[in-house]
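This report concerns only the one structure given below.
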């Protein structure tokens, strides 16, 4: 047997002219664009000196597209034609919307295409098209600010985005006329902004509290590779909830019981500005213009901290879970990067520092840090940074495999493999004269294909007819730097080829990825039994197939009626136990059938040797003297 | 469920860990790959995760994740020499058939 050696963890065998490039943070609530100029990374502002572009797109009846602040102002009055949070729909299929759409005010078009389209007065649009409008606006802003055409862009995506969501993001960029240098994970971009990629190796936590979402990511830097150890968070917790907490307090204090929509807007906006003022001040005065007259309220920092305390606790619970999932202790975290406007709230910083027992990194504007990290990476990729030959790598979150006989998943690229990566494996045909091979690409850790996620299917046709096992079919899995998968297959003797690039199917959230990983642990025993059974079943099918073929060819000639009867008996017994589904029984029945056929097989061998030698002289088989 | 390690294997592991300067033990595992379905994995361990089971034998921590454990239960890790080749061998009672190269197996 092969003797093994111990491997390192996870390493088991397996120009002169300045080129303009930008980093884009395509966010759920807000988007930004940044670039490196004179060695300094900064975000690019619009003509009103605003860096942030709200990720809101409005379609008007006269086919005009409005993006950003102006569109956001119309979100309440024209909700059906004003698309917000389109990022949540990226790479999602129609069936995924059933869970999402309760929260979305849009009307979706029932369509035979798998991509949902939003109905507006200007026509129907997909999430990719809406995102492309946001990217187009940022592209125009960048080209105006930099005075030239862009070579390309680095666009950030959440660490938990799957292949379909990443492909949708790339499609949106292409539609916007942007060349994507690569997609970068948001937490990785934040870490890059602080230069952690060139620092010491170790584990970092990225705490991202945005307007409407909270994400925490645990990354490990190892040999220049940022590996995502775990992700967690809450897709419905953010700065808006802080505003709501203050708004509720205002209503109680001012004795407001009934809300009109204009009053609601007034209170929320007062709450929001109070929150922002309390970053600097200890007390803030809130002025309200009520039907009953003007009213003034005083909110202290202490009171505010109490109001949002439970919300911050919720984020820390997510942090604890992410640490547990990563198998990391709090004290092992070397740096904490703060991302998202809500991390400006002093109470958030204090509680995070207290939780990790380390001061978080806050020097870079938390709204801009992701875009800045992306721009640093874009600068390197565009070839402007001479020392920046280091290419940041990410890892694939779930194993990529192929379906083999019996519905089993054979993993070709294992999870946590750094990308880009190419792996090939050889397969062969199962039946005599088989001329096609179905390739089913699956994602997940489970043993049975039915428990994994289906990514793509295609067929390799035109294999020349050969006996089973003679064809050499090489299947190659390639994951590029953006985490996009292309699969190709090639029959080596004839050169026939077929391939597929994984295109949108449906999305997976970080929770679902976690769930899939946990399932593979929880169901380990079941999976082992299932694999064993399937393998025996495949073996049974193969034996039956071979015997049937032999019987047709020369069963009549070589077997007596009694022998034939015995073989038929063993064969039907095997068919029965194969259906009953007990691995041990099947194995036994296979052995039994093989034993029954032993003398028949020996006779066939002799017969074929005889046939081959008939009419030849012994001399012909002896080599020349 | 248990995994054991022979004295010669443990001696080697301690030696390797000492030379490496870090690591808490070794990880045994299986990967679903190779010509006969499964392949053995043996790696140094720096971090133990919550899905790991730890076995101690002859002064060495042997770490196995729960998924691999069902394939490895009852395995004894040995260190042997075959001619000029020497290395670790898995004596695994769950093993059904092996492929010709001995790098992979089925249960």
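All of the numbers you see were taken from the coordinates with simple rules; none came from a lab. Since we're looking at a predicted model, the values are computed, not measured. Heads up, the Cβs are rebuilt from the backbone with ideal geometry, glycines too, and the neighbour counts pull from every protein chain shown.
Observations on the structure shown:
- A simple packing score, the average count of other Cβ atoms within 10 Å per residue, orders the peptides A:461-472, A:311-322 as A:311-322, A:461-472, with the highest score first.
- Judged by the ratio a/c of the largest to the smallest principal axis of the C-alpha gyration tensor, the range B:4-93 counts as oblate, that ratio being 1.5 or greater while a/b is no larger than b/c.
- Rg and Dmax of the protein assembly as shown, Cα atoms only, in Å: 31.5, 120
- Label-point gap, in nm, between residue A:297 and residue A:77 - each point 7 angstrom along Cα→Cβ: 2.7 nm
- Principal axis dimensions, largest first and in whole angstrom, of the range A:396-508 by Cα: 40, 27, 22
- Modelled spin labels at residue A:526 and residue A:359, positioned 7 Å past Cα toward Cβ, are 5.1 nm from each other.
- Over the Cα atoms of the range A:200-363, the radius of gyration divided by the Kirkwood radius equals 1.07; this is the Rg/Rh ratio.
- Value at 222 nm in deg cm²/dmol, rounded to 500, when DSSP H runs of n ≥ 4 in chain A each add -39,500 (n - 2.57): -12000 deg cm²/dmol
- Ranked list, fewest to most other Cβ atoms within 10 Å of each Cβ, for A:310, A:489: A:310, A:489
- Cβ neighbours within 10 Å from other chains - mean over A:322-332: 2
- Taking the range B:4-93 and dividing mean pair separation by its residue count, relative contact order in percent (alpha carbons under 8 Å, at least six apart): 31 percent
- Ranked B:16, A:356, criterion: other C-beta atoms within 10 Å, fewest first: B:16, A:356
- Neighbour-count order for A:303, A:411, fewest beta carbons within 10 angstrom listed first: A:303, A:411
- Sites residue B:73 and residue B:14 - FRET efficiency at Förster radius 22 Å, r taken between beta-carbons, to 0.05: 0.35
- Shielding score for A:520-527, defined as the mean number of other chain Cβ atoms within 10 Å: 4
- Taking label points 7 Å from Cα along the Cα-to-Cβ direction, residue B:7 and residue A:119 give a separation of 8.1 nm.
- The range A:48-91-the range A:552-613 distance, computed between alpha-carbon centres (Å): 71 Å
- Inter-centroid distance (Cα atoms) of the range A:133-205 relative to the range A:209-283, Å: 25 Å
- Computed FRET value (nearest 0.05) for residue A:174 with residue A:470, which takes r as the C-beta separation and R₀ as 41 Å: 0.45
- Efficiency of FRET between residue A:252 and residue A:480 - r from beta-carbon atoms, R0 41 angstrom, step 0.05: 0.15
- Neighbouring Cβ atoms from other chains, within 10 Å of the Cβ of residues in B:65-72, number 5 on average.
- Relative contact order of the range A:106-251, pairs being alpha-carbon contacts under 8 Å that are 6 or more residues apart, as %: 15 percent
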